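Structure, as structure tokens:
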Amino acid sequence: MANMNPPPSRSGSAPVMHRIPCVLMRGGSSKGLYFLASDLPWHTAERDRVLLAAMGSPDLRQIDGLGGGDDQTSKVMIVAPSWRPGIDIDYLFAQVSVGRDLVDITPTSGNMLSAVAPFAIERGLVEAHDPVTVVRILDLNTGKVFEAEVQTPAGRVNYQGDYELDGVPGTAAPILLRFLDPAGGKTGRMLPTGHPVDVIDGVRLSCVDFANPVVMMSAVDLAKSGQETKQELDADRAFLDRVEQLRWKAAAAMGMGDVAGSVLPKVVMLAPPRNNGTLSSRYLAPTSCHATHALTGAACVLAACNVARQTASCCGVASSGGGASAAE
């Protein structure tokens, strides 16, 4: 439940508590709250107050809310039936800041997207079919359409299965996502600068907009191996500050303006592979390394390796053009 406490009335009576239903769900390697749009205030500022209260922000522990003190567990999906032909569901993703009084709707989340269809089915927005239900979903953050394929034997969502996802304990039923024309969602172009490779402050990088806008850099150009732990990267403030400066300048080259207060574009640091992979990729937020790789970031790395071979090679990773995978 989310509690929104307005100021006391002039009569001195106690604030009114409003009950707002929501569902706490894991989507991929993220976790957050799923709301029906009809249950939230229509006014943006009032809605954001509700979301901040629900998560317990701003507070690094989010002790008064359902957030987990981490960006990957402080996420919200706002879901509604769609009036658009051929679309079942609309959703708006909101990243609720842990430590700041801020709700950001500029990014999108591929991990949280994976739970939109089960939520919609459970709340009666989409009719389930036996044995599989396909839900067409519009992302209001980017204007892009996705398809989600959910196991629904006997018309009920199946959550149990043997599918393993790196970064998540245990197993569960898989949900298949199809990204339909995800290029250029924020900038209008897959290669927003017009080049597969740019050089900023002596560092080779690639700016790619696919599912989410991402700036790709080579670990070696940043004096890293690409195999460091999250803790090691987070402790290197000089490294993070340098990456943030490069991100700002790359965003300007992408036509995104001043992004000092935004989480987009994201950054990935690419390196040669380990564990029989094609390459290694570390996913970075503006102030830290993500504990797991974002689905949208992985899709962007994959697209870059397949569509623009120079993009991968600029980061010190040879791509055959036939496929790639993003690892931790």
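Computed values, structure above
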| read-out | value |
| --- | --- |
| Per-residue Cβ neighbour rank within 10 angstrom, fewest leading, Trp83, Trp248 | Trp83, Trp248 |
| Unit charges at the beta carbon, dipole of the chain: most positive-side option, Met55, Ala45, Ala120 | Ala45 |
| Label-to-label distance, nm, for residues given as Ala37 and Arg178 (7 Å Cα→Cβ offset) | 2.3 nm |
| Neighbourhood net charge (14 Å Cβ-Cβ; Lys/Arg +1, Asp/Glu -1) for Pro41 | 0 |
| Label point distance in nm, Asn306-Ala291, each placed 7 Å from Cα along Cα→Cβ | 3.0 nm |
| All lysines inside 25 Å of Lys144 as judged from Cα atoms, apart from same-chain residues fewer than 8 positions distant | Lys31, Lys75, Lys186, Lys266 |
| Order by protection proxy (mean Cβ within 10 Å, highest first), peptides 270-280, 38-48 | 270-280, 38-48 |
| DSSP-defined antiparallel bridges as percent of all bridges, the chain, nearest 5 | 75 percent |
| Within the range 94-194, chymotrypsin sites (Phe, Trp or Tyr not before Pro) in DSSP loop having at most 14 other beta-carbon neighbours inside 10 Å | Tyr159 |
| Quotient of Cα Rg and 2.2 N^0.38 Å for the range 23-180, N being how many residues it contains | 1.02 |
| For the range 23-180, size of Cβ-based charge dipole, Lys and Arg +1, Asp and Glu -1, in debye | 160 debye |
| Counted charge near Gly86, where neighbours are those whose Cβ lies closer than 13 Å (Asp, Glu -1; Lys, Arg +1) | -1 |
| Directionally averaged shadow of the range 192-243, computed from the convex hull of its alpha-carbon atoms, nm² | 4.2 nm² |
| Label-point separation, Trp83 to Ala223 (7 Å along Cα→Cβ), nm | 5.7 nm |
| Bins of 20 Å, starting at 0 and running to the largest distance - Cα pair percent for the chain | 31, 57, 12, 0 |
| Full-extension gain in nm, Ala252 to Leu24, via 0.36 nm per residue minus C-alpha separation | 78.4 nm |
| Kirkwood-Stokes translational diffusion coefficient of the range 141-279, alpha-carbon pairs, 37 °C, 0.692 mPa s, µm²/s | 187 µm²/s |
| Percent of C-alpha pairs per 5 Å bin, the range 198-314, short to long | 2, 12, 25, 28, 22, 10, 2, 0 |
| Length gained when the stretch Ala235-Asp130 is fully extended (0.36 nm per residue, less Cα-Cα span) | 32.8 nm |
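Quick note: the coordinates plus some simple rules give every number you see, no bench work behind them. Since we're looking at a predicted model, the values are computed, not measured. Cβ atoms come from the backbone with ideal geometry, glycine included; neighbour counts cover every protein chain shown.
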